[in-house]
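A.B. asks: Submitted below is the structure of interest, expressed as structure tokens.
Please treat every number below as a calculation from the coordinates, not as lab data. All of these numbers come straight from a predicted model, not from anything done at the bench. We place every Cβ from the backbone using ideal geometry, glycine too, and count neighbours over all the protein chains shown.
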Amino acid sequence: MLLLDFFKIINADIADNTALVEVELNPQHTIFQGHFPGYPITPGVCVTQIAVDLFSHIQQREFGMTKAKSIKFIHIIKPEENPRVHYQLNWEQVDGQQYQLKVVAYHNDTTFAKINITINS
């Protein structure tokens, strides 16, 4: 889980099966030292894991990704230029503890990622 070390939640609006969450990345995190030195960018796996971590935080239990239906990285997230990112989450319970999670990560008019995954607790 990356929450509180790699990023922190600034604001969250949650209603029914949707949430809009603003997060702040930690540009000093060691991940950015290796990805990439002198030109830090947020790894796609971290962008996706943040979505899973946010859903886990909202549901107050741990979830993990079991299937990636579609993940599109549209723009690079540079933590020094865009430390704050909005995550729009929409979910639907599929079966038991399994959920279909659709996420858009963005800031202002820039969309960073569109994520459609299956998660399970």
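A.B. asks: Residues of region 106-118 being touching a residue at least 24 places away in the same chain (Cβ under 8 Å) and out of contact with any helix residue (DSSP H, G or I) (no Cβ under 6 Å at 6 or more places or on another chain), which ones?
C.D. replies: Scanning region 106-118 gives His107, Thr110, Thr111, Phe112, Lys114, Asn116, Ile117, Thr118.
A.B. asks: May I ask you to list the residues in region 11-25 that are out of contact with any Asp or Glu (no Cβ under 7 Å at 6 or more places or on another chain) and part of a loop (DSSP other than H, G, I, E, B)?
C.D. replies: If we filter region 11-25 for residues that are out of contact with any Asp or Glu (no Cβ under 7 Å at 6 or more places or on another chain), which is where we start, we get 12-16, 18, 21-25.
If the condition is that a residue be out of contact with any Asp or Glu (no Cβ under 7 Å at 6 or more places or on another chain) and part of a loop (DSSP other than H, G, I, E, B), then Asp16 is the only one that fits.
A.B. asks: Now, a different point. Return the residues of region 40-51 that are closer than 19 Å to Thr111 by Cβ and in contact (Cβ under 8 Å) with a residue 12 or more places away in the chain; say none if nothing qualifies.
C.D. replies: Listed by number, the residues that qualify are Ile41, Thr42, Pro43, Gly44, Cys46, Val47, Thr48, Gln49, Ile50, Ala51.
A.B. asks: Considering each of Val45, Val52 in turn, give the residue that is crowded, with 17+ Cβ neighbours inside 10 Å and within 13 Å of the chain's Cα centre (by Cα). Please lay out each step first, then the result.
C.D. replies: Working: Val45 fails: crowded, with 17+ Cβ neighbours inside 10 Å.
Criteria check complete, one pass: Val52.
A.B. asks: Do you know which residues across region 1-39 are without any contact (Cβ under 8 Å) to a residue 12 or more places away in the chain and among the charged types (D, E, K, R)?
C.D. replies: Of everything in region 1-39, those that are without any contact (Cβ under 8 Å) to a residue 12 or more places away in the chain and among the charged types (D, E, K, R) turn out to be Asp13, Asp16.
For every residue, the table says whether it meets (1) touching a strand residue (DSSP E or B) at 6+ places or on another chain (Cβ under 8 Å); (2) under 20 Å from Ile14 (Cβ atoms).
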site: Leu54; (1), (2): yes, yes
site: Ile71; (1), (2): yes, no
site: Ile74; (1), (2): yes, no
site: Lys78; (1), (2): no, no
site: Asp95; (1), (2): no, no
site: Val103; (1), (2): yes, yes
site: Thr118; (1), (2): yes, no
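A.B. asks: Separate question: Does Ser121 meet the test of being within 23 Å of Asp5 (Cα to Cα), small (Gly, Ala, Ser) and surrounded by fewer than 17 Cβ atoms within 10 Å (Cβ to Cβ)?
C.D. replies: Values: within 23 Å of Asp5 (Cα to Cα): yes; small (Gly, Ala, Ser): yes; surrounded by fewer than 17 Cβ atoms within 10 Å (Cβ to Cβ): yes.
Yes.
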